[in-house]
Amino acid sequence: MPLRTIATFAIAIVLGLFAVVLINSYIGSQKKVQQAQVQTGVGAPVVVAASPIARGVVIAPQLLKVVNYPAGSVPANAFSAVNQLTSADKTQQRIALRDLSPDEPVLQNRVTKPGENLNLATELDPGMQAVTLRTSDIQGVAGFVFPNDRVDLLLTRTVGSGDHQVAVTQVFAENVRVIAIDQSDDQEQTKPSVSKSITFEITPEQAQSLTLAQTIGTVSLSLRHVQDAAPVNRLVTTQASFGFFAAPTVHKAKPMGPTVRVTRGAETSVVELSSR
């Protein structure tokens with residue numbers, strides 16, 4: 001092997017080891033800073049899960065711990081003390097609405113209110129409603145929609161009358177959260193399955209639109225990327241959106257001239273007279 005190649009490999013190895021040392025040193029210093037903040041009380045206290053907490057488990061003191069977050073980094077709707085989440089009174093206990101990982105902050109929207117039972121109504125955000133749509137394998141994205149996914153709701157129908165009918169597809173609800181598939185609201189579900197119904201969390205106005213849409217056309221879903229919250233650019237698509245679309249030609253009947261009714265036995269016919 002040429003000497004230059006050996007020297008290049010040696011330099012690369014030395015630089016790599018140097019980078020590893022620097023990274024370990026930085027991580028160690030950050031841990032020391034965090035430990036010092038906890039010991040000195042610097043920062044803001046935040047209640048986090050001390051161990052994995054499964055959905056439906058009653059929140060108990062031994063499942064929680066308090067850590068200090070840097071100033072300005074405290075999550076919204078976080079709790080600052082364990083006694084804010086726990087109670088000796090069983091009628092005032094809280095229940096986890098979703099699975100919580102160790103060291104994950106316990107937020108208000110991840111637990112029930114004191115004394116509430118775990119049901120679909122407790123998972124709805126204030127001002128929102130739950131409405132169910134009957135679906136098929138095509139409407140439901142072949143079973144790849146799961147609880148807590150986000151979808152757009154589309155209505156396809158025919159507008160106009162007679163020879164002037166046109167097919168139209170419109171988006172009438174955007175970035176809608178799925179809260180249940182059939183009778184399951186398990187957010188850890190990952191195996192696709194064709195469902196008969198999907199339940200959404202939508203506004204009262206969207207609930208009216210969805211109910212009406214099911215009676216006047218076909219409602220389908222469009223699954224969004226997990227981080228996509230952008231509004232839809234085109235809300236309505238018609239046949240003309242695919243290119244040139246000629247309106248149907250209406251053939252008008254030729255006006256008739258003077259006529260005379262002729263009866264021969266039991267048969268009667270109308271004969272047009274010549275204009276000459």
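The values are calculated or read from the model by the stated rules, or taken from the named source; none is laboratory data. Keep in mind it's a predicted model, so treat the numbers as computed, not measured. In this analysis, Cβ positions are derived from the backbone assuming ideal geometry, glycine residues included, and neighbour counts consider all displayed protein chains.
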Residue pairs meeting the criteria (Cβ under 9 Å; at least 6 apart or on separate chains; first over 12 Å from Lys113 (Cβ atoms) and assigned by TED's automatic domain parsing to the domain that holds Arg55, in region 72-98; second surrounded by 15 or more Cβ atoms within 10 Å (Cβ to Cβ) and of a type in the set (Phe, Trp, Tyr)): Pro75/Tyr69; Ala78/Tyr69
Filtered residues of region 31-67 (kept if modelled with pLDDT of 90 or more and more than 30 Å from Ser184 (Cβ to Cβ)): Pro45, Val46, Pro61, Lys65, Val66, Val67
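Among what's in region 110-122 and is of a type in the set (A, V, I, L, M) and surrounded by 14 or more Cβ atoms within 10 Å (Cβ to Cβ), pick the residue that is nearest to Lys196 (Cα to Cα).
Going through the qualifying residues, I end up with Leu118.
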So Val151, is it within 14 Å of Ile179 (Cα to Cα) and β-branched (Val, Ile, Thr): yes
Asn83 being assigned to a helix (DSSP H, G or I), at pLDDT 80 or above and within 25 Å of Thr199 (Cβ to Cβ): no
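Name the one entry in Ala88, Ala142 that is surrounded by fewer than 15 Cβ atoms within 10 Å (Cβ to Cβ), outside any loop (DSSP other than H, G, I, E, B), modelled with pLDDT under 90 and not acidic (Asp, Glu).
Ala142
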Exclusive hit being within 16 Å of the chain's Cα centre (by Cα) and farther than 25 Å from Ala96 by Cβ, set Thr203, Thr199, Thr169, Thr211: Thr203
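Out of Val168, Val178, which single residue is within 19 Å of Gly140 (Cβ to Cβ), modelled with pLDDT of 85 or more and not in a helix (DSSP H, G or I)?
Val178 is the lone residue from the list that is within 19 Å of Gly140 (Cβ to Cβ), modelled with pLDDT of 85 or more and not in a helix (DSSP H, G or I).
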Residue identified as outside any loop (DSSP other than H, G, I, E, B), surrounded by fewer than 13 Cβ atoms within 10 Å (Cβ to Cβ) and at negative phi among Asp125, Asp137, Asp163, Asp152: Asp163
